[in-house]
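For reference, the structure discussed in these notes is given below.
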Amino acid sequence: MSRAIAMTDSPPAAPPAPARRRSPLAAILRHPGAVLGLVILAGAIGAALLAPVLYPASPWRMVQRPFIPPFTLDRVPLGTDALGRDIAAGLMHGAGVSLLVGLVSTLAALLIGVPLGALAGYLGGRVDDALMRFTELFQTVPSFALAIVLVAILQPSLGSMILAIALVSWPPVTRLVRGEVLSLRSREYVQAAVVTGQTTFTILRREVLPNTLSPIVVLASLMVATAILLESSLSFLGLGDPNRMSWGFMVGAGRTVIRQAWWITAFPGLAILLTVLALNLIGEGLNDALNPRLSRER
Amino acid sequence: MDQALTPPGVAVAVRDLRLALPHGGDRPNAVDGVSFDLLAGEILCLVGESGSGKSMCAHALMGLLPKAVTVAGGSIRLGQTDLLAQDAAGWRDTRGRRIAMVFQEPMTALNPLMRIGDQMAEMFEAHGLLTPRERRARAVALAREVGLPDPEGIVRAYPHQLSGGQRQRAMIAMALALEPAILVADEPTTALDVTTQAQILKLIRDLQRRRNMAVLFITHDFGVVTDIADRVLVLRQGRVVEEGPAAAVLGAPREAYTQALLAAVPAMNPPARPAPDGPKTIEVAGLSKTYVTGGGWWRAPRTVAAARDVSFALRRGETLGLVGESGSGKSSVARLVMRLIEPDLGTVRLGDTDLTRLNGEGLRQARSRIQMVFQDPFASLNPRRTVGQIITDGPVAHGVSRFDAMERAVRLLALVGLDARALERFPHEFSGGQRQRIGIARALALEPEVLVADEAVSALDVSVQAQVLTLLEDLKARFGLSMLFITHDLRVAAQICDRIAVMRRGEIVELKTAAELFANPEHPYTRDLLAAVPGRARDAA
Amino acid sequence: MAGFIAQRLAKGVLVLAAIVVLNFFLIRLAPGDPAVVMAGEAGATDEIFVAQLRTKFALDQSLPSQLAAYLGSIATLDLGYSVRQQMPVATLIGERLPATLLLTGCAFLISIALGVLLGALAARRAGSLADTAITGLALLFYATPLFWVSLMAIILFSVRLEWLPSFGFETVGAGYTGLARAADIAQHLVLPALTLGLFFMAVYVRMTRASMLEVSRLDFVKTARAKGLTEGVIQRRHILRNALLPVVTLAGLQAGTLVGGAVLTETVFAWPGIGRLMYDALLQRDYNLLLGVFVVSSAMVLIFNLVTDVVYRAVDPRIEVAR
């Protein structure tokens, strides 16, 4: 089957894709949604870092009388909850919890999922079959239910939450990496590397993994968003670390008094929404920046 | 404003057509002032290399240009209508009824979720003709007319159940449903095997004669032009280079470009070559590989024999061609010899070493003795590594210092005709032909004894192809290499191979010197294959 | 096809068995005596009950016999006893399951219908204001925490506007029957089903849009256009039909998340399903009940996956039935 795909034999006058030299960072910055995302995320990180500075006292402490509405008293700009705790303090301390859990659990999930996926994809055969059965098992179980069960059994704490979220989040990573590695394995430049006599390890390191990096990075940013949603949902149900004030807990605590004091649930929820939104926007920006849609790379 | 009708006898009159590309393309206009007449009842071939704009012209006739390409000027007149001035409703009426089109890739040109008959009937439905029952009946009749087997049954089949040739017949049937006066065929046989191509070309010729249609046939293959064209139009970079009756343009071309293009097409007459008499460098014996797919608890698995007891040997300085159609197993044999896939049976010996017995580190070391040049210039170079890294990775993996490897790379680049500055650049900065040269340099960097070229020129334009083939011959002679040359193109094989092995369904059916094979083919399949190659008339002349 | 279904069911039973084994080890993960863990907070005080559990699950013997005993008991659909609720776990779950099925079923239908519709619309007018609005809205729903949007919906529609009831399955003590009862339940169903459906609607909007844009670039769409078909027919018959295939696959993958989301929705809206049951079990530290709900929800996901697989194979003629 003949196929006349190629160009005439002169180098393309203009490079057919944005030159690889242009950094991904510059490409992201041209995406307005991603810029907004970065700004919001910076705000969240800033809040987390500044919390011990601006609100050195524990957010669990009662500082004023209960049920002060927001924007009425300067010292408690966002009001107080049913026990007189400062909402703003809770928000700032909660930022740290959510971001920490989100980030660490995602890293842990990647540490599990990437090697498993790479092995399954590259080695194929029985190893692939076994690993895929194992992954399917984890994907059948409803992930939130499993997280609840794990945290309940291990007793709620930051550590158990991170572990539980990591353990329910790794299957999609494995699937993605496996898929990418499989398609790369049959790509001609990988075969060329085999043929020129390079070791398996070198091939994985030099030819395969760098070309899977972009989808993993995009997935990772979306995973942090999902992890934060999971963490806040667990905290809402009362499975959060009892020593840490988190956004989900605040929403849960304000649930019973929602008619009188809407702000106790509104502000923490809004904080979760904005942070997760920001991460999603960044993920989309990364996707557009790292995966040029040109048919250059078949 | 020219309100004249198209003169009688002219089906479509294209005047000064200008199609603009978006900013940043390699030229401002894909098609720049092209004019031609398509006469009723004739086959006009639009020929050109890739990027010449021939496909754009065809799409313009149907109003199917991609969104990025805009009409910047000119007119296309069909009867009383200027097609380019039509609105969407006008185009919908024109398409299928007055002009119909057949596309290049039969594998993807049909909706995978609809039955063939339904897709044919859709043509009538689009123009509000016939009742559903009548449409079904006409679909069966059309299937019969284009030579599809079991017409009643096949209209109920889905596209994936048909072969490439059958799908193309179905596409042609669809195009003819409303009996249009004009058929536009955009490289309809390029993606087909050579024997299937011959059948489809014959079908198109027969149908054209029977229905007296005007056919605009786009192709890059001069063999096809020889077999089918009444008139020829040569395009280059969006402009008409030459035009005239087929015999004139092919036999006595006036323009230098046309002459160069025709000269670059390899003839079917193999040149005389001295018989190689060096020592044997590679011996393949009894190579076999069977693929088993499917199968589960309820169904027997399907077996496909990719290679069946394949044996041959190469001497130093000799080129052996492995020729065959898709599914013949020639690419599988190449990969088995390279041990990219594991053979079930058989041995591959490089001199004294049995490559099939080696494993692990031993195999890795031995690999430097046999190297490969791949088919797809776009996929065979890692886009994230520089050319220098690509060429030196191999030697470095075998213990050569990075410095020495770089020196070797510079010398090799010069040999393949590239500048040393290429070392710092990335693959995407080079054209297809240049990338193939880099691939060749990469293969030679390990100083192998045997070179396996797997369809190494199939993805290149014919002029570039000629250059790369010459390069391979030179390098082979200079380094005393043996070459295993895989191709589906018999012309290329004739030009470059000492001996040729014809493969079919995993077996070698005939193995002879090139001269003998073309002069006296014995096996019936070989004879069919040779007869199907388009353009033999020109070789005889 | 029958063969395929049988094969998948058999595989599903194996997966469920593996999950039960997982349960077994999870119980042992909890701190303390497994018998006390299985008895739950309420049952732990009842010594006879604890002793009964010990014999029943062979907790004095070796690990393999414990595993056998546990598997045996589950196989007979005996999921244990909840001292707090004073009922066998299996009965408890059986009572609550229909409510969850109703909720998740409605949420799924809403999400996929709206999702595909809006996604197709956005794809058709890609780049326009409508497209930006739809994708923006989808992104917003995707990022919203389910429990929070449920609470906000209650504040808006129930408290402020008083259009819909804020919790429960039906109006208690009103004594409706027949159609009136169905209407009453439907009223209570609106808010929970909508909020649960919104997140998944966002998922399907994005998937449908991306899928349709990709399919519209394929060759056979050009062929359809070359026949002179109208844009509407091309969108529906050629693009949408092919674009829906990955959506079906996605629906299967989302089953687990849907069931998990039901836990939150049922908790906020006091909807009497197994999700709410799970929450209660959590509060009461009734591990037996917790794990029982866990197994049943996994079974739900398995069945849902089977259905989506069958649908996919029925719609795509390219897939060979046996695998």
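The values are calculated or read from the model by the stated rules, or taken from the named source; none is laboratory data. Please read all numbers here as calculations on a predicted model, not as lab measurements. Please note: Cβ atoms are built from the backbone with ideal geometry, for glycine as well, and neighbour counts cover all protein chains shown.
The listed residues are C:Val247, C:Val301, and the only one of them that is within 14 Å of chain A (Cβ to nearest Cβ) and of a type in the set (Val, Ile, Thr) turns out to be C:Val301. Once region B:171-201 is narrowed to residues that are of a type in the set (Gly, Ala, Ser) and not in a loop (DSSP other than H, G, I, E, B), the residue that is farthest from B:Ala40 (Cα to Cα) is B:Ala198. Go through the residues of region B:399-421 one by one and say whether even a single one is surrounded by fewer than 21 Cβ atoms within 10 Å (Cβ to Cβ), closer than 21 Å to B:Arg335 by Cβ and more than 28 Å from the chain's Cα centre (by Cα). There is no residue in region B:399-421 that is surrounded by fewer than 21 Cβ atoms within 10 Å (Cβ to Cβ), closer than 21 Å to B:Arg335 by Cβ and more than 28 Å from the chain's Cα centre (by Cα).
Restrict the check to region A:49-72 and report whether at least one residue is aliphatic (A, V, I, L, M) and under 20 Å from the mean Cα position of the chain (by Cα). Yes: one or more hits. Is it the case that B:Val292 is more than 11 Å from every other protein chain (Cβ to nearest Cβ) and at pLDDT below 90? Spelling it out, B:Val292 is indeed more than 11 Å from every other protein chain (Cβ to nearest Cβ) and at pLDDT below 90. Quick check, is A:Ala227 part of a helix (DSSP H, G or I) and aliphatic (A, V, I, L, M)? Answer is yes for this residue. In region A:230-252, what residues are outside any helix (DSSP H, G or I), among the hydrophobic types (A, V, I, L, M, F, W, C) and at the interface with chain C (Cβ under 8 Å from one of its Cβ atoms)? Once the filter is applied, which keeps residues that are outside any helix (DSSP H, G or I), among the hydrophobic types (A, V, I, L, M, F, W, C) and at the interface with chain C (Cβ under 8 Å from one of its Cβ atoms), region A:230-252 yields A:Leu237, A:Leu239.
Table: residues versus (1) assigned to a helix (DSSP H, G or I); (2) modelled with pLDDT of 90 or more; (3) closer than 26 Å to B:Ala121 by Cα.
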| position | (1), (2), (3) |
| --- | --- |
| C:Thr223 | yes, yes, yes |
| C:Leu240 | yes, yes, yes |
| C:Gly261 | yes, yes, no |
| C:Tyr279 | yes, no, no |
| C:Leu289 | yes, no, no |
| C:Val310 | yes, no, no |
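The residue that is farthest from C:Glu41 (Cα to Cα), counting only those in region C:258-280 that are without any contact (Cβ under 8 Å) to a residue 60 or more places away in the chain and crowded, with 24+ Cβ neighbours inside 10 Å, is C:Gly260. Considering region B:90-131, the residues that are within 26 Å of B:Asn212 (Cα to Cα), surrounded by fewer than 21 Cβ atoms within 10 Å (Cβ to Cβ) and of a type in the set (Lys, Arg) include one that is nearest to the other protein chains (Cβ to nearest Cβ), namely B:Arg92. Restricting to region A:75-128, count the residues that are aromatic (Phe, Trp, Tyr) and buried (at least 22 other Cβ atoms within 10 Å of the Cβ). The qualifying residues number 0. Scanning region C:16-66 for residues that are more than 11 Å from every other protein chain (Cβ to nearest Cβ), closer than 20 Å to A:Ile153 by Cβ, touching a residue at least 24 places away in the same chain (Cβ under 8 Å) and part of a helix (DSSP H, G or I) yields C:Val20, C:Phe24, C:Pro34, C:Ala35, C:Met38, C:Ala39, C:Gly40, C:Glu41, C:Ala42, C:Gly43, C:Gln66. Among the criteria (1) within 22 Å of the chain's Cα centre (by Cα); (2) of a type in the set (A, V, I, L, M, F, W, C); (3) away from chain A (no Cβ under 14 Å), the one C:Ala130 does not fulfil is (1). Go through the residues of region B:465-478 one by one and say whether even a single one is at pLDDT 90 or above, part of a strand (DSSP E or B) and not acidic (Asp, Glu). For region B:465-478, residues at pLDDT 90 or above, part of a strand (DSSP E or B) and not acidic (Asp, Glu): absent. Scan region A:156-172 and tell me whether some residue there is at the interface with chain C (Cβ under 9 Å from one of its Cβ atoms) and either charged (D, E, K, R) or assigned to a loop (DSSP other than H, G, I, E, B) (or both). No, there is no match, as no residue in region A:156-172 is at the interface with chain C (Cβ under 9 Å from one of its Cβ atoms) and either charged (D, E, K, R) or assigned to a loop (DSSP other than H, G, I, E, B) (or both). For region B:206-244, the set of residues classified as surrounded by fewer than 19 Cβ atoms within 10 Å (Cβ to Cβ), within 25 Å of B:Ala30 (Cα to Cα) and touching an Asp or Glu at 6+ places or on another chain (Cβ under 8 Å) consists of B:Gln237, B:Arg239, listed by residue number.
If you go through region C:86-118, how many residues are among the polar types (S, T, N, Q) and crowded, with 18+ Cβ neighbours inside 10 Å? Looking only at that region, the number is 3. Please enumerate the residues belonging to region C:298-315 that are of a type in the set (Val, Ile, Thr) and within 13 Å of the chain's Cα centre (by Cα). Answer for region C:298-315, where residues must be of a type in the set (Val, Ile, Thr) and within 13 Å of the chain's Cα centre (by Cα): C:Val301, C:Ile303. Within region B:43-73, the set of residues being at negative phi, more than 14 Å from chain A (Cβ to nearest Cβ) and buried (at least 20 other Cβ atoms within 10 Å of the Cβ) comprises B:Ile43, B:Leu44, B:Cys45, B:Met56, B:Cys57, B:Ala58, B:His59, B:Ala60, B:Leu61, B:Met62.
Residues considered: A:Val208, A:Val251, A:Val195. Of these, the only one that is β-branched (Val, Ile, Thr) and either within 27 Å of A:Phe67 (Cβ to Cβ) or within 14 Å of the chain's Cα centre (by Cα) (or both) is A:Val251. Exactly one residue out of A:Leu182, A:Leu209, A:Leu150 is within 14 Å of chain C (Cβ to nearest Cβ) and not aromatic (Phe, Trp, Tyr): that is A:Leu150. Looking only at residues in region B:313-327 that are in contact with a strand residue (DSSP E or B) (Cβ under 6 Å, 6 or more places away or on another chain) and either aliphatic (A, V, I, L, M) or part of a loop (DSSP other than H, G, I, E, B) (or both), the one that is farthest from B:Thr196 (Cα to Cα) is B:Arg316. Of the residues C:Arg217, C:Arg206, C:Arg236, the single one that is within 13 Å of another protein chain (Cβ to nearest Cβ) and surrounded by 16 or more Cβ atoms within 10 Å (Cβ to Cβ) is C:Arg206.
State yes or no: is B:Ala68 within 30 Å of C:Arg236 (Cβ to Cβ), outside any loop (DSSP other than H, G, I, E, B), of a type in the set (Gly, Ala, Ser) and touching a residue at least 40 places away in the same chain (Cβ under 8 Å)? So B:Ala68 does not fit the description; no.
Among the residues of region A:180-220, those identified as among the polar types (S, T, N, Q) and either buried (at least 22 other Cβ atoms within 10 Å of the Cβ) or under 25 Å from B:Arg442 (Cα atoms) (or both) are A:Ser183, A:Ser186, A:Gln191, A:Thr196, A:Gln198, A:Thr199, A:Thr200, A:Thr202, A:Asn211, A:Thr212. Within region A:194-206, is even one residue touching a residue at least 60 places away in the same chain (Cβ under 8 Å), more than 7 Å from every other protein chain (Cβ to nearest Cβ) and of a type in the set (Val, Ile, Thr)? Yes, region A:194-206 has at least one match. From the list B:Ala537, B:Ala501, the lone residue that is touching a residue at least 60 places away in the same chain (Cβ under 8 Å) and either farther than 18 Å from B:Glu325 by Cα or part of a loop (DSSP other than H, G, I, E, B) (or both) is B:Ala537. Among the residues of region B:161-170, none qualifies, meaning not one is part of a loop (DSSP other than H, G, I, E, B), without any contact (Cβ under 8 Å) to a residue 60 or more places away in the chain, within 19 Å of the chain's Cα centre (by Cα) and buried (at least 22 other Cβ atoms within 10 Å of the Cβ).
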